[in-house]
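Participant: Below you will find the structure I want to go over with you.
A short reminder: the numbers here are calculations on the coordinates, not readings from a lab. In this text, all values refer to a predicted model and were calculated from it rather than measured experimentally.
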Amino acid sequence: MSQGPQPAEPARPATAPVIVTPPAPRGSSVAALGAIVSGALILQIASTIVNTAVPLKMALAQKPPLLIGLVGSSYSVGFLIACFVIPSFIRRVGHIRAFAVFAGMQAALTLGLPLMSADLWGFARLGMGFAGAGHAICIESWISGQAKAGQRGRLFGFYQILNRLVLIGSQIAVGYVSMQADSIFLIASAAFSLALIPVAMTRAKGPESGEVVSVRLNTIWQYAPAAVIGCLYVGLMGGALTNVAPAYGILIGLDQRWAILLTAGIQIGALMLQWPLGLLADRVESRIIMLAATTSVVLCTLALGAVLWMNLPHGRFWLFGLFALIGAGSMPIYTVAVAHAYFRLGRERALGLSAQLLFLWGTGSAIGPLVSSAFMQGLGPNGLLVYLGLLSGGAAIYLGFRIRLKPPAAAPFGERTAAAPTIPEVSPAGRQGAGGK
């Protein structure tokens, strides 16, 4: 555990990061993983309720699309801010205490939503994004250190499958709750509090905090640019599909249940391909997987435009199916990008990579709702489809270009002997921040 802050070391050259072997893990890793995953799944229930209810309530209240996007982006801005300060906090208090602090923040802020005007929800969502980043770094850093070489894609894929099953069930359940009632936020607040129970009751120790291992964004860009693009892409897509798509369904004339089913379809599609893509990420060139996935999203957006233009019968089912395919081609790419980055830079940097890749995802998530809602404000509700198609097309073109190039040698950053996870310090300059052992 950290005993107090110490002076920051100067940033090391991006081409020659120093590898520090952290101390051996203590306690039962199986028990610790079970506790954190159980808490994470309960958190997913609470987060899904809030993420679905907020844009739906705003759309039903006839708030402008740009305001809906701004509230959605507020969450991601809070997430980004947290990426700079949360790692040092976790090092100081430990994973379990940090998890409890963030769950308490989420519960209190959720209770505050029905007490304020919807025009001011962005402030509450900013704080929830900050706490959400803390949870994400706690959970992903805890899990990532347990993966062995050749199993990382499958482990992350299995975790994401559990997450998506809970997410889909929560979204569908929200469809049967009146959006006019504020009780939906009380349920979410209770779920945030309940997530504390399995984590607080575990007798296993969380990961030890060894010496800081800094991972700079320009290092990731130099050795794994496809991972950078992949994480940004998932954030840009996911920010729009999570925070704007529920309102899109209302704005094109769907009722509450079908609007939620449309959003659930995105997650169902992602669920169907999560495990296969995670498995392929351990065996097939990651950039080829990402290229095929982004290309499929472009084709689906074109098909959606054609369905709406021709006003085909059973249009709601076409919408559900094609949005499911969009989710299948976009959301699971994060797992592939993470596996690609770990392969290129090495497992010793798993914690540093977790924070930086989450930062990239958060950047995309902050921008996505604003830009997609601006497209909708200017072009009408179907401006969302234009945004999704242009974004996916740009990503596909870049990935196709990268495949033609020979990447730099990854020998200095390849897989090494398994080591216990550490908590990195992340700062805007890519330095190791102040924080002692």
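Participant: Expected output is a single nm value to one decimal: the length gained when fully extending between Q377 and A190, i.e. 0.36 nm times separation in residues minus the C-alpha distance. What is it? If you can, show how the numbers build up before the last one.
Facilitator: Values: separation 187, 0.36 × 187 = 67.32 nm, distance 3.52 nm.
Using 0.36 nm per residue and subtracting the Cα-Cα distance, I get 63.8 nm.
Participant: A follow-up question, please. List the extent of the Cα atoms of the stretch 247-372 along each of their three principal axes, largest first, rounded to whole Å.
Facilitator: So the three principal-axis extents are 53, 29, 22 Å.
Participant: Compute the length gained on full extension between A200 and A108: take 0.36 nm times their separation in residues and subtract their Cα-Cα distance, giving the result in nm to one decimal.
Facilitator: The span from A200 to A108 would gain 31.3 nm if fully extended.
Participant: Let me ask you something else. Summarise the long-distance tail of P(r) for the stretch 31-141 by giving the % of C-alpha pairs beyond 16 Å. Mind showing how you got there, number by number?
Facilitator: Values: 3544 of 6105 pairs.
Tail fraction, whole percent: 58.
Participant: Multiply the residue separation of V177 and A303 by 0.36 nm, subtract the distance between their alpha-carbon atoms, and state the gained length in nm to one decimal. Before the final figure, lay out the partial values.
Facilitator: Details: separation 126, 0.36 × 126 = 45.36 nm, distance 3.19 nm.
Extra length from V177 to A303 when fully extended: 42.2 nm.
Participant: Here is a further query. Given N residues in the stretch 367-408, what is Rg(Cα) / (2.2 N^0.38 Å)?
Facilitator: On the way: Rg = 14.0 Å, N = 42, 2.2 N^0.38 = 9.1 Å.
In units of the globular-protein estimate, the stretch 367-408 measures up at 1.54.
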